[in-house]
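The values are calculated or read from the model by the stated rules, or taken from the named source; none is laboratory data. What you see is a predicted model; the values in this text were computed from it and never measured. So basically every Cβ, Gly included, is an ideal-geometry build from the backbone, and we count neighbours across all protein chains shown. For the accessible areas, the whole protein counts, side chains as well, though only heavy atoms, and no ligand, DNA or RNA atoms are used. Shrake-Rupley method; radii C 1.70, N 1.55, O 1.52, S 1.80 Å.
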Amino acid sequence: MIQQASNDPNRQCTYKEYLRECFVYKDFKELKLNQYHISQLPEAKKPKSQLCHLNFLAIHECIFGPQCQFAHKISDVEELISELENKRIPKKNRRLFKGLGIGASLAILSFFTPEEIVMNLRRVNKEALVLCKRIFETKVVQLEKITLKSVKFFERASEIKISCESLNFFKLYKDEFFEEVLNHYSNVRTLKINLNFLFDDAKKDRIIAKISSFALKRNIHTFQAEDVPSMSNENLKNITRQFFLQNVQNLKLPRNNLGNQGVYYLFGSDNLRHIKKIDLSSNNIDHEGAQFIAQNSKLPYLQMLDLRVNRMGDQGFKYLITSEKLSNIRHLKLDINKITQTGAVHLSHNCKIPDIRKLKVRDNQFGELGAQ
């Protein structure tokens, strides 16, 4: 706590309240960066500070080609920092973050919304740009948050999340913009679709068809689609396209109510031979689905199988642990599958998975005898 300069000498205030009275953070509000826009610089000194709207907006077309003053690739965009804009900003207004330290800087940043930070605050000076990227750049970015102006800010994201709100992204921008994002965001390891509370089948089919029309780059090793209501075989056909998943090693499809039909399609597909990990948890799969998995040989490199929260029972458990087709499995997750003491007996006498390292069977119905 800090003693506040006021009429009451005994009144205490927080550090954030102290900064509010110091007017340090108010500098940003008074900068009015728009009046010092890069367009005021001589033509020869103008960098390509943003992407070309005509090239990426859905209803436009850029006719200038290489002569366009705006960038046609994300890698060509030069972020606006102090060396360019601060020449026109009064020197007294450039003290934000200068020599304040991390504690004071974080307190100042807490006054602003994420939109202000991403779009404006990072342009105050070089210190602001570095600090905002370090503290506020997210590892998981919603696709609809990526715009022509903010695309550089999120370039270190490790996961892109697509939801029902992301449909507007594809209405607003051409496919080339999403392709450019996939090409430039080399740190992305996971592409995730979550369509929870989307009950419009037409929109659901449109999003899945649109996403699966792209080829995922080599850096994306995990694809996850969860909470997709009524996922059909047509949706699975789109998701399992060879060029879409050609570089994916980890396929996650939890909570989609796939049932046995989904298992028949996935484990009968010729396009998933390279998959090493698959997650089918919470998909209403019973012993018949387990039997199909156990008898299938189209996923020869599969090492991790997640079947938690299904309805395998003792019979399905027996099919899996006695299968000779699952010899490469290292991790098998079967928590909450209604497995009883009978299943435990099968495990102790008939397990034919030679190199299994982790078998998770928590929250089943083994009882004391089964545990022994």
Taking the stated definitions as given, is residue 157 part of a helix (DSSP H, G or I), small (Gly, Ala, Ser) and farther than 23 Å from residue 274 by Cβ?
no
Among the residues of the stretch 321-343, how many are in contact with a Leu (Cβ under 8 Å, 6 or more places away or on another chain), more than 11 Å from residue 302 (Cβ to Cβ) and not basic (Lys, Arg)?
4
Sole residue being of a type outside the set (S, T, N, Q), at positive phi, open to solvent by 10 Å² or more (accessible area, probe 1.4 Å) and within 20 Å of the chain's Cα centre (by Cα), chosen from 255, 218:
255
Residue among 285, 275, 321 that alone is among the aliphatic types (A, V, I, L, M) and over 29 Å from residue 238 (Cα atoms):
321
Only unsatisfied item for residue 250, checking (1) in contact with a strand residue (DSSP E or B) (Cβ under 6 Å, 6 or more places away or on another chain); (2) open to solvent by 40 Å² or more (accessible area, probe 1.4 Å), is (2)
What residue, of 194, 183, is within 14 Å of the chain's Cα centre (by Cα), at pLDDT 90 or above and of a type in the set (S, T, N, Q)?
194
Candidates 161, 192, 174, filtered to the one that is over 14 Å from residue 143 (Cβ atoms), in the same structural domain as residue 262 (by the TED database) and open to solvent by 20 Å² or more (accessible area, probe 1.4 Å):
174
I need the full set of residues from the stretch 261-286 which are more than 21 Å from residue 208 (Cα to Cα) and buried (at least 20 other Cβ atoms within 10 Å of the Cβ), in order please.
285
So residue 165, is it assigned to a helix (DSSP H, G or I), free of Cβ contacts under 8 Å to residues at least 24 places away in the same chain and not basic (Lys, Arg):
yes
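Mind listing just one residue for me: the one in the stretch 195-209 that is not aromatic (Phe, Trp, Tyr) and not in a helix (DSSP H, G or I) and, of those, surrounded by the most Cβ atoms within 10 Å (Cβ to Cβ)?
Ranking the qualifying residues of the stretch 195-209, first place goes to 195.
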